[in-house]
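Student: Quick one: the structure is below, and I'll ask about it shortly.
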Amino acid sequence: MPAPASQPDDPALLRIDGPIATITLNRPAAFNSINLAIAQKLEQLAAYIEGDDAIRVLVIEGEGRAFSAGGDLQTIGAAAEAGTVTPVVGELLKHYHAFIEIVRRMPKISLSSVHGSAAGAGMGLAFVTDICIAADDARFTPAYAKIGVSPDGGSTVGIVGTVGSRRALQIFLAEDNFTAQQAYEWGLVAKTVPAAELKAATRQLAERLAQNPPAAIAGTKQLVYAAATTPVKQQLDAEEHKIVMAMNTEAFRTAVKKFTSKSK
């Protein structure tokens, strides 16, 4: 199936370069806030990436001055005034949460590349990916409690699993915003770089991740996310199953031959 064609005015753009796919949030005038159109486009693009066996890494970035300002409060506020918030937000989250589900389950590594502001669901997107790299001047803003709501957009999925419940409560209820350096110290960001170097550093990291064979990526991702909630015996059985599957691939046989020839 050919990749979905991207038009310059699409709310999200797809670019594929070898084993690396890049989704660019493309509503710069609205600071890449999430409305129904971008949610539907993200779900479509992620579904394609999940099904393309040649893609090993997905990079998610934002166009313009911000990574993402989160949910589109213009749309949501208007719906609240009109008494239609339940169907409007329900439809938006149906597509956006489907996108998040695909990102988490796909047998590929997802990498968020964050600059500027990442707020609300934009912050959630930054941390629901498998790895996050950020410009050193990036700022993360929980935003939810200030407008009287609880988190969405995968925010609790990515953050709680990384920092634990107590730090997560601090982030969502006691932090107006926090820096990329704080996020790094809390384990939410893997690496910070000067803003001018973010694109190059993101590409370098994506290329490094893409060197991992597909079986290694898929097996490791599934095992890591299952570990916290899976009984020990079941997790060990899953480890055995995944590693045996990987050892039956040509990539493993080639790597072992290369390793053993060096050790002689």
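Student: Which percent of the accessible heavy-atom area of the chain goes to carbon and sulfur, probe 1.4 angstrom?
Tutor: Carbon and sulfur atoms account for 57 percent of the accessible area of the chain.
Student: Here is a follow-up. At what distance in angstrom do the alpha carbon centres of segment 73-121 and segment 141-161 lie from each other?
Tutor: Centre-to-centre (Cα) distance: 11 Å.
Student: Here is a follow-up. Report, in degrees rounded to the nearest 10, the 0 to 90 angle that the Cα long axis of helix 85-105 makes with the longest principal axis of the chain.
Tutor: Around 20 degrees separate the two axes.
Student: Follow-up. Suppose we keep just the DSSP beta bridges with both residues in the chain; what percent of those would be antiparallel, to 5?
Tutor: Around 25 percent of the beta bridges assigned by DSSP in the chain are antiparallel ones.
Student: Listed here are the pairs Lys41/Lys221; Lys199/Lys258; Lys191/Lys233; Lys108/Lys257; Lys108/Lys146; which of them are more than 27 Å apart at the Cα?
Tutor: Going by Cα-Cα distance, Lys199/Lys258; Lys191/Lys233; Lys108/Lys146 fall outside the 27 Å limit.
Student: A further question on this structure: Hey, how many Å between the Cα centroid of segment 2-66 and the Cα centroid of segment 225-264?
Tutor: Going from one Cα centre to the other spans 32 Å.
Student: Separate question: Find the accessible area per residue for segment 214-262; the probe is 1.4 Å, ligands and nucleic acids are left out, and the unit is Å².
Tutor: Per residue, segment 214-262 has an accessible area of 75 Å².
Student: Using the Cα centre of the chain as the reference point, and only Cβ charges (+1 on K/R, -1 on D/E), how large is the resulting charge dipole? Debye, rounded to the nearest 20.
Tutor: The dipole magnitude comes to about 1000 debye.
Student: Treat every Asp and Glu Cβ in segment 214-262 as -1 and every Lys and Arg Cβ as +1, leave all other atoms uncharged, and give the resulting dipole magnitude about the Cα centre to the nearest 20 debye.
Tutor: 280
Student: So, one more: Quick check: the angle from helix 73-82's long axis to the longest principal axis of the chain, C-alpha only, nearest 10 degrees?
Tutor: The answer is roughly 50 degrees.
Student: Could you give the dipole magnitude of segment 166-247 about its Cα centre, charging the beta-carbon of Lys and Arg +1 and that of Asp and Glu -1, in debye to the nearest 20?
Tutor: Taking the Cα centre of segment 166-247 as origin, the dipole is about 100 debye.
Student: Please compute the length gained on full extension between Glu91 and Ala200, using 0.36 nm multiplied by the number of residues separating them and subtracting their Cα-Cα distance.
Tutor: Length gained between Glu91 and Ala200: 35.6 nm.
Student: Got a number for the accessible area of His97? Probe 1.4 Å, square angstrom, nearest 10.
Tutor: 70
Student: Grab the Cα-Cα distance for Gln170 and Ile147, subtract it from 0.36 nm times how many residues apart they are, and report the gain in nm with one decimal.
Tutor: In short, 6.6 nm is gained.
The values are calculated or read from the model by the stated rules, or taken from the named source; none is laboratory data. This one's a predicted model, so the numbers in the text were calculated from it and none came from an experiment. Here Cβ is always computed from backbone atoms with ideal geometry, including for glycine, and neighbour counts include all displayed protein chains. We work out accessible area using only protein heavy atoms, side chains counted, and drop any ligands, DNA or RNA first. Shrake-Rupley method; radii C 1.70, N 1.55, O 1.52, S 1.80 Å.
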